[in-house]
Amino acid sequence: MDKIYLDNAATTPLDEAVISEMIAAMRSFGNPSSTHSFGQDAKILIENVRRNIAGYLNVSPSEIVFTSCGTESNNMIIKSCVYHLGVERIITSPLEHKCVAETIMEMKSRNGVEVIFLRPDKNGDLNLNELETALKASGKKTLVSLMHANNEIGNILDIKKAALICKENGALYHSDTVQSMAHYPLDFSEIPVDFASCSAHKFHGPKGSGFAFIRKSSGLKSLITGGPQERSLRAGTENVAGIVGLGKAMDICIHNMERYSSHIQQVKEYAVNKISAAVPGIKFNGRSAEKESLYTVLSLLLPFNDPLIGLKLDMKGIAVSQGSACSSGASKPSMVMMMILDDEEMKKTTPLRISFSHLTTIQEIDSLTAALKEIAENQAIEKINV
Ligand code: PLP
C-alpha cells in the first residue's frame, strides 16, 4: 500500500537537496565561536544563511536570531518582552498556537500580566477595530501577539494593518509566522512587525532549527544565558547543520514559491470540489476553502461524529490531522474549534485538517476522497441500523 501524507502543516518531508547540504555541513565540525580556521569555516556557513534570510525579509542580518524551533522563538519573544522590556499587558486571541497561548497564560499567572483576548467571529476572523479600541483603552506597556496564518483553519490576518495599528498606538507587535514563512513573500521593511518566528520543518527543512526575527530597535534580550553566540541574544553553540538545512530549504521554497503555491492552490481547489461532491453535508471550517486562506491548509467539518476518523484513515495509509500536531490525540477539542463551532455542531460533526505540499498529487486527493466517502457511507448505514 502506497502511503499518502496529508499532514504538511504538522511537518514536511525533508528536501533531498537539504539533506545533502546538511551532510556536507556536518563535516565542517568546528565550533563557530573558535577563532581558528575550523571554527571560522563553520561560522561562515551560518553567516551566509543569516544574510540570505535577511535578504528575503528585507531586514538587517543582525535581526535574525537562530533558535531550535518556532516554539522557542515564540517563548523567547513573549517572555523577554515581559522580563526585559516591561510589558504589563498582552493582547492576543484564542486562535494562537499552544506555544504562544500557554506562554502568555504563564506570563499572566506568574508575572501578573494583564491578558486581553480579541474574539474571532464564526468564520475565525478577528476585527482589528477591536484591537485599536483595546490599545487606546489603557496606557500600559503592551505587546500584541496575533499570528499571521492559522495552522488549523488557515485564516490569514492582515499583519501589515495589525502592525501599523500597534505602531500608531505605541505597542509592540509579535506575529507567529511559522505557517507562512517561506510560503508567502514577507517584506518586514514594509510590514512593521517587531518580532516574528520561523520553523524550518514547516517548509521541507530539518526539525530542531528555526529563527526569531527581532527588530533591532526593540531592545529584546536573551532568555538563555551563557556565551555571546547570536550577538548575545541566544547563548549556546549553534546547530550548524540545522541552520544550513534551514537556509537551503528556505532558498528552495523562495525560488520556487510561485510554482509551488500555484500547484498547491490547484490541488486544494480540486480537493474542495471533489470532497464536497463525494460527502454530502460536508462543510469547511473558517476561511480554509476560500482562495485568500493559507493555501497549504484545508479544514473539513465532516457531517457525523467520529472520534476515530484519524485512525481509520491511517489504517488506509492516509495521514491527516484531527487537530494541530501538538494537540492531536488529545480528547479535548481545540480552542480554535470551540471558538467557531457551537455545542450542537461539536456533538454532531468531526473536524479534520488536511494539509498539502508541492509533492501532493491529484491522485492522492482522489484516494482521500474515496476513503472519506466510504467512511461517510458506513456512518449512514450504522445510523440506520441503530
Ligand atoms: N506556531 C504555529 C502556528 C505552528 O503551527 C507550530 C507548529 O505546529 C508552532 C508554532 C511550533 O513550531 P515548532 O514545531 O517548530 O516548535
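At-a-glance table
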{"read-out": "Rounded percent of accessible protein surface that carbon and sulfur make up, segment 1-142, 1.4 Å probe", "value": "52 percent"}
{"read-out": "Chain lengthening between Phe29 and Ala137 when straightened (0.36 nm per residue, less Cα-Cα)", "value": "33.5 nm"}
{"read-out": "The chain, helix-only ellipticity at 222 nm - DSSP H runs n ≥ 4, -39,500 (n - 2.57), divided by all residues, nearest 500", "value": "-13500 deg cm²/dmol"}
{"read-out": "Rg over Rh, two decimals, the chain (C-alpha only, Kirkwood Rh)", "value": "0.99"}
{"read-out": "Rounded accessible area of Arg259 (nearest 10 Å², 1.4 Å probe)", "value": "150 Å²"}
{"read-out": "21 Å Cα-Cα reach of Lys160 towards lysines, excluding residues that sit fewer than 8 places from it in its own chain", "value": "Lys136, Lys141, Lys216, Lys291"}
{"read-out": "Surface per residue (accessible, 1.4 Å probe) for the chain, Å²", "value": "44 Å²"}
{"read-out": "Cα shape, segment 96-136, gyration tensor, a/c 1.5 rule", "value": "oblate"}
{"read-out": "Listed residues Ala25, Ala277, Ala241, most fluctuating in the chain (Gaussian network, C-alpha, under 10 Å)", "value": "Ala277"}
{"read-out": "In nm, spacing of pseudo-spin labels at Asn127 and Thr361 (7 Å Cα→C-beta vector)", "value": "4.8 nm"}
{"read-out": "Helix 362-385 vs. the chain, principal-axis angle (Cα, 0 to 90°, nearest 10)", "value": "50 degrees"}
{"read-out": "Compactness of segment 1-48 as Cα Rg over 2.2 N^0.38 Å, two decimals", "value": "1.70"}
{"read-out": "With 10 Å bins from 0: P(r) over segment 89-238, alpha-carbon pairs, percent", "value": "10, 38, 39, 12, 1"}
{"read-out": "Proximal charge balance of Gly310 [Cβ under 13 Å; K/R count +1, D/E count -1]", "value": "0"}
{"read-out": "Ranked packing of 195-203, 302-310, 49-57, most packed first, by mean Cβ within 10 Å", "value": "195-203, 49-57, 302-310"}
{"read-out": "Whole-number percent relative contact order across the chain, with pairs defined as alpha carbons under 8 Å at least 6 apart", "value": "22 percent"}
{"read-out": "Global geometry of segment 218-368, whether rounded, prolate or oblate, following the gyration tensor of its Cα atoms and the 1.5 cut on a/c", "value": "prolate"}
{"read-out": "Check: segment 16-255 dipole with +1 on Lys, Arg Cβ and -1 on Asp, Glu Cβ, in debye", "value": "520 debye"}
{"read-out": "Selected from Lys136, Lys373, Lys283 as most flexible by GNM, with the chain as the system and alpha-carbon contacts under 10 Å", "value": "Lys136"}
{"read-out": "Gaussian network model of the chain, Cα within-10 Å springs - most flexible of Leu311, Leu126, Leu298", "value": "Leu311"}
{"read-out": "Residue among Tyr83, Met107, Ala163 farthest towards the positive dipole end of segment 16-255, charges placed on Cβ", "value": "Tyr83"}
{"read-out": "Set of aspartates and glutamates with alpha-carbon distance to Lys108 below 13 Å, sequence-local pairs under 8 removed", "value": "Glu88"}
{"read-out": "Net charge of Cβ neighbours under 12 Å - reference Leu118; Lys, Arg +1; Asp, Glu -1", "value": "-4"}
{"read-out": "Cα-projected label distance for Glu16 with Ala380, points at 7 Å along beta-carbon direction, nm", "value": "4.3 nm"}
{"read-out": "Theoretical FRET efficiency, 1/(1+(r/R0)^6), r = Cβ-Cβ of Glu292 and Arg119, R0 25 Å, to 0.05", "value": "0.75"}
{"read-out": "FRET efficiency for Ala235 and Arg259, using Cβ-Cβ distance with R0 set to 41 Å, rounded to 0.05", "value": "0.55"}
{"read-out": "For segment 16-255, with +1 on Lys and Arg beta carbons and -1 on Asp and Glu, the positive-most of Leu146, Ser62, Ser197 along the dipole", "value": "Ser62"}
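The values are calculated or read from the model by the stated rules, or taken from the named source; none is laboratory data. Nothing here was measured: the structure is a model prediction, and the numbers come from that model. Positions of Cβ are backbone-derived with ideal geometry, glycine not excepted, and every protein chain shown enters the neighbour counts. Keep in mind that these areas ignore ligands, DNA and RNA; they rest on the heavy atoms of the full protein, side chains included. Shrake-Rupley method; radii C 1.70, N 1.55, O 1.52, S 1.80 Å.
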